[in-house]
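Read through the structure below, which is laid out as structure tokens, and then see the notes.
Each value in this text was obtained by applying a stated rule to the coordinates, not by laboratory testing. Since this is a predicted model, take the numbers as computed values, not measurements. Quick reminder, even Gly has a Cβ in these numbers, built from the backbone with ideal geometry, and neighbours come from all protein chains shown.
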Amino acid sequence: MKPMLAHYKANLLELLRLPAYWIPSMVFPTMFFLFFAAPNANHPEAASLLLGSYLVFAVLGVVMFQFGVGIASDRASAWNIFERTLPLPPLAKLAAPILTALTFAAMAGAVLVIAAYLSTPARLEPGAWIRLIPALLAGAVPLALLGLCVGYLASPKAAVPVANLLYLPLSFAGGLWVPPQFLPEFVQHISPFTPTRQWGEAVWSAVNGTTWQAEPFIWLAGFTLLFGAIALWGYHRDQGQRFG
Amino acid sequence: MTRVAKVSPSRGASLSEVAALHQVSKRFGQTQALDRVSLSVERGELLALLGPNGAGKSTAIRLLSGLRRPDTGTVRLFGQNPQHASARVHLGVTPQETGLPDGLRVGEVVQLVRAHYPDPAGAGELLERFDLANLERRQCGGLSGGQRRRLAVALAFVGNPRLVILDEPTTGLDVEARRALWAAVKYYQTQGGTALLTTHYLEEAEALASRVVVINGGRIRAEGTVAEIKARVGLRQVRFQASAVPQIEGVSRLERNNGSFVLYTPNSDAVVRQLVEEQVNFSDLEVKAVSLEEAFVALTAE
């Protein structure tokens, strides 16, 4: 526990001293919300749905960069080799970046909620808040695993562009920036097959108080298995190359 | 008089054995990095692994620190598999390549590493020992190359280890820093510590090691005290022009290219004396020290 918390603290300190990392992940979702969503969010229900979408966008950015770019640069670092010689079990090492990602996701979400409450009529019922957290986590898991796929399969230089190539189109096609019904027609056909759309569906039900359908959760579970298997393969491949 | 029966330790491991390779082989693609190597590090000793680049030194060290798995053979660290985290509680390592979290301060890095050990050294005392005390609040990204290396070596000592493994610890350090670091390693040994280090420098082995193992081409080529090894690989080069050279004692290797000769020898004085006594008609005589690398090439390129 103690070494894990020490790694968590070190991760936070390092990232907080890298404004180029945390400013975009804190500010981008809120900025996008204020530019693209707030002007059209005149009714409480529409505004709340958009808030839900941009919360997904915020969490997506944190997990893609934490696990994608973070792992890719770890793999190239000599410090990572030193860390491997410390008496720390590999699973304990994994816990620290998960806690770090949750922390940054919570901060990015908080900034966004404050901005949305101040600029739009978005308001969530207490029950919606309670359902929102598990809905956000349900999608965070498969997309963190997608981040791990990037982290283990891309070189450190390629990781940032690859993460962006996934993160931005997935956000758009998933209907996170503009609601799915306003997407261009051909994107509407692709949208249901993206993990971000299914994640959005789970979150939108939580936000507007409708019953959860099984479908988005089945999709998210499927993406968890798919990305999990690829990430595991990438992990073993990397471990074999560096530590086999 | 009763005779004391000699007790032989089980499984061939001596009681004072801290870490060991038993018949270990490791291959990377086409390269046989280690070929059935057995090596034991005994408590309290300072063992230097000597050899040219690509000899297999670093592979041996990575296996003992749990960074790699052997293809065949067994690796033991305090009687356990070094790949298990619990085996590494009494181990400190300085890898060959220095890597530090650039965004963290020196003091923060020491605290991070301290959190892994049950009985770590005091941070202030440790930084003092490695001449880093005034840098505690400096971010690692702002350290000089020498300071980074000193910190990387200091981190091996954070956990009050029983064994430290130092992979080319003084590479990139100036003479003064190198000597200060040697003093720190010696002090650690007087406190009962055991160390395994690799080096390119015979001088470094001379300053520190109680035993030397020479490794090349993935195999152990020689083993002994520094003096013994030095007699074998501490060569000098005697160069001159001459038409012919008679049989001369103490020459490890002779290279001849038209009229120029290169003689490798542990004792250049004796060789020159013989050249004079044998009335060899030499010119352009030159005597110079041979680096460890050149000595290995001379000794192994038969």
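Values for this structure:
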{"item": "Peptide-level mean, for A:82-94, of C-beta atoms on other protein chains within 10 Å", "result": "6"}
{"item": "Global geometry of the stretch B:174-222, whether rounded, prolate or oblate, following the gyration tensor of its Cα atoms and the 1.5 cut on a/c", "result": "oblate"}
{"item": "Whole-percent pair-distance distribution, where bins are 5 Å wide, for the alpha carbons of the stretch A:2-243", "result": "1, 7, 13, 18, 19, 16, 12, 7, 4, 2, 1, 0"}
{"item": "DSSP beta bridge pairing in chain B, given as percent antiparallel to the nearest 5", "result": "65 percent"}
{"item": "Mean separation of Cα contacts under 8 Å (6+ apart) over length of chain A, as relative contact order %", "result": "28 percent"}
{"item": "Three-way shape label, the stretch A:96-185, alpha-carbon gyration tensor, a/c 1.5", "result": "oblate"}
{"item": "Sequence-separation-based contact order of chain B, relative, with Cα cut under 8 Å and 6+ spacing, percent", "result": "19 percent"}
{"item": "Filtered GluC sites (Glu not before Pro), the stretch B:216-249: DSSP coil and at most 10 other beta carbons within 10 Å", "result": "B:Glu249"}
{"item": "Between the stretch B:175-198 and the stretch A:13-86, the Cα center-to-center distance that results, in Å", "result": "46 Å"}
{"item": "Those aspartates and glutamates that a straight Cα-Cα span of less than 19 Å connects to B:Lys26, excepting residues fewer than 8 apart in one chain", "result": "A:Asp238, B:Asp35, B:Asp71, B:Asp167"}
{"item": "Cross-link pairs beyond the 19 Å C-alpha cut-off, checked among A:Lys9/A:Lys93; A:Lys157/B:Lys57; A:Lys2/A:Lys93", "result": "A:Lys157/B:Lys57"}
{"item": "At most 13 other Cβ within 10 Å, DSSP loop - trypsin sites (Lys or Arg not before Pro), the stretch A:64-128", "result": "A:Arg123"}
{"item": "Contact order normalised by residue count of the stretch A:119-219, Cα under 8 Å, 6+ apart, percent", "result": "33 percent"}
{"item": "Packing-based order for B:111-120, B:236-245, using average beta carbon neighbours within 10 Å, highest first", "result": "B:111-120, B:236-245"}
{"item": "More than 33 Å apart - percent of Cα-Cα pairs taken over the protein assembly as shown", "result": "55 percent"}
{"item": "Net charge, B:Ser260 excluded, C-beta distance under 12 Å - Lys, Arg +1, Asp, Glu -1", "result": "-1"}
{"item": "Cα principal axis extents for chain B, largest first, Å", "result": "69, 60, 51"}
{"item": "Within-10-Å neighbourhood charge of B:Ile220 [Cβ basis; K, R +1; D, E -1]", "result": "+1"}
